[in-house]
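Following: one structure in structure tokens, then a few remarks.
The values are calculated or read from the model by the stated rules, or taken from the named source; none is laboratory data. If you're wondering where the values come from, they're calculated on a predicted model, not measured in any experiment. FYI the Cβ positions are ideal-geometry reconstructions off the backbone, even for glycines, and counts take in every protein chain you see.
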Amino acid sequence: MNKKIILSYLFSLILVIAIISIIDIKEVIKETAKLGLINFIFLGGLYSVAFVFRALRWKTILSPITEISLKDSFFITNMGFFVNALLPARTGEIARAYILSKKKKLGKIKSFSTVVLDRVIDGMTLFLFFVLSVFLIEIPKEFSSIILIPALLFAVVFLFFFKPDKFKVIGRLIVKVFPSFKEKITYVFNEMKEAGNIFYAEKHFLKIIIYSVLIWIIESLVFYFTAQVLGIELSLFHVFLLIVVTGFAVMIPSSPNYIGTFEAGVVVFFMAFNLNQNSAISLAVIVHLIQTIVVISLGIISMNKLGLSFKSISETNFSQIKEKIKGN
């Protein structure tokens with residue numbers, strides 16, 4: 001196990017301990033029990049619908065370079081999330097690109113670039129949700145300063161995605177100061193340039209954006225309905241901002257399934273708006289549990305449909321595959 005993975009597990013553990021220290025566990029269990037089985041099944045079904053739109057979006061993204069059925073797009077997308085739930089460091093993104101390259105005989109860089117583009121569009125949509133929330137709800141000054149930092153960082157990444165060649169000067173400066181970064185910087189530029197090429201080839205950009213908005217509205221509704229059942233007073237626009245916060249939080253390297261970072265994002269949001277911390281954890285635990293059960297269930301179904309197995313997944317060296325992608 002390399003140092004990065006050890007640090008990601010350690011970071012998640014620290015977050016979990018910190019969260020436990022500020023809540024009343026008995027109260028959280030009591031709050032969580034309010035949901036009930038019928039609501040749990042409904043919310044799980046609602047969250048599952050988001051994966052259909054994810055599959056439709058990726059199928060559309062892939063259309064300029066290869067034809068893929070909705071069924072295959074759905075199963076491979078599910079596998080990416082499934083592997084993320086099992087392994088750290090967002091290994092699922094590599095797994096999704098690897099399965100696609102094997103199934104459609106695509107180059108490794110091109111396959112991975114479609115996944116990168118898929119995730120960048122997720123980020124674009126979250127950024128739109130952030131802007132919408134800023135204009136429609138009153139945000140505490142301290143909180144807006146904190147959330148503005150990752151939002152601005154994303155804006156830079158967004159610009160880099162569209163015009164990577166404009167950032168070559170910055171890349172050269174970084175290489176001069178840190179020569180050991182040369183390979184990684186070259187890899188990032190190649191990856192983003194390929195993703196940009198696919199993006200510019202798209203004829204269905206509006207369709208992709210609609211799918212993206214629907215995906216994140218569904219994810220927001222899962223939070224919103226759960227909050228309503230728990231008696232937490234959150235408007236849908238507050239939930240949009242909460243989705244943005246958790247989205248930024250899970251970008252931080254952590255243990256599998258974003259344990260700790262997801263919950264921390266919810267707690268930070270509740271603290272900023274002076275809401276009950278026990279309610280924050282109850283909401284986070286329920287939503288995270290719904291997401292995990294759906295991801296694992298869809299992952300197992302997809303694994304069988306694609307002719308894969310737990311053994312083949314566990315024996316696949318995704319770190320080695322990532323290095324091969326870099327060297328492609």
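Inspect the stretch 58-81 for any residue being touching a Ser or Thr at 6+ places or on another chain (Cβ under 8 Å) and closer than 20 Å to Val266 by Cα and give the result as yes or no. Scanning the stretch 58-81 turns up no residue that is touching a Ser or Thr at 6+ places or on another chain (Cβ under 8 Å) and closer than 20 Å to Val266 by Cα.
Only residues that are surrounded by fewer than 17 Cβ atoms within 10 Å (Cβ to Cβ) and of a type in the set (A, V, I, L, M) were counted in the stretch 212-228, giving 1. Candidates in the stretch 22-46 are the residues that are surrounded by fewer than 13 Cβ atoms within 10 Å (Cβ to Cβ) and among the small types (Gly, Ala, Ser); of these, the one that is modelled with the highest pLDDT is Gly45. Screening Lys110, Lys105 for residues that are more than 19 Å from Thr246 (Cβ to Cβ), out of contact with any helix residue (DSSP H, G or I) (no Cβ under 7 Å at 6 or more places or on another chain) and among the basic types (Lys, Arg) leaves exactly one candidate, Lys105.
State whether one or more residues within the stretch 187-194 are modelled with pLDDT under 80, touching a Pro at 6+ places or on another chain (Cβ under 8 Å), crowded, with 16+ Cβ neighbours inside 10 Å and not in a helix (DSSP H, G or I). Looking through the stretch 187-194, none of the residues is modelled with pLDDT under 80, touching a Pro at 6+ places or on another chain (Cβ under 8 Å), crowded, with 16+ Cβ neighbours inside 10 Å and not in a helix (DSSP H, G or I).
Just wondering, is there one or more residues in the stretch 135-158 that are at pLDDT 70 or above, among the aliphatic types (A, V, I, L, M) and not in a helix (DSSP H, G or I)? Yes, that holds for at least one residue. Is one or more of the residues making up the stretch 106-117 surrounded by fewer than 18 Cβ atoms within 10 Å (Cβ to Cβ) and more than 19 Å from Ile208 (Cβ to Cβ)? Within the stretch 106-117, one or more residues are surrounded by fewer than 18 Cβ atoms within 10 Å (Cβ to Cβ) and more than 19 Å from Ile208 (Cβ to Cβ). Cβ-Cβ contacts under 6 Å between residues 6 or more apart (or on different chains), taken from a first residue in the stretch 284-311 that is without any contact (Cβ under 8 Å) to a residue 40 or more places away in the chain to a second residue that is in a helix (DSSP H, G or I) and of a type outside the set (Val, Ile, Thr), are listed as Ala284/Glu263; His288/Phe262.
Listed here are the residues, each with its yes/no results for (1) of a type in the set (Gly, Ala, Ser); (2) at pLDDT 75 or above; (3) surrounded by fewer than 19 Cβ atoms within 10 Å (Cβ to Cβ); (4) on the phi < 0 side of the Ramachandran plot.
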position	(1), (2), (3), (4)
Ile281	no, yes, no, yes
Val287	no, yes, no, yes
Thr292	no, yes, yes, yes
Ile296	no, yes, yes, yes
Lys305	no, yes, yes, yes
Lys324	no, no, yes, yes
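If only residues of the stretch 47-75 that are β-branched (Val, Ile, Thr) and modelled with pLDDT of 95 or more are counted, the one that is nearest to Phe225 (Cα to Cα) is Val49. Count of the stretch 239-270 residues, restricted to those that are within 11 Å of the chain's Cα centre (by Cα) and outside any helix (DSSP H, G or I), is 3.
Considering each residue of the stretch 95-102 in turn, at least one proves to be of a type outside the set (Ser, Thr, Tyr) and out of contact with any helix residue (DSSP H, G or I) (no Cβ under 7 Å at 6 or more places or on another chain).
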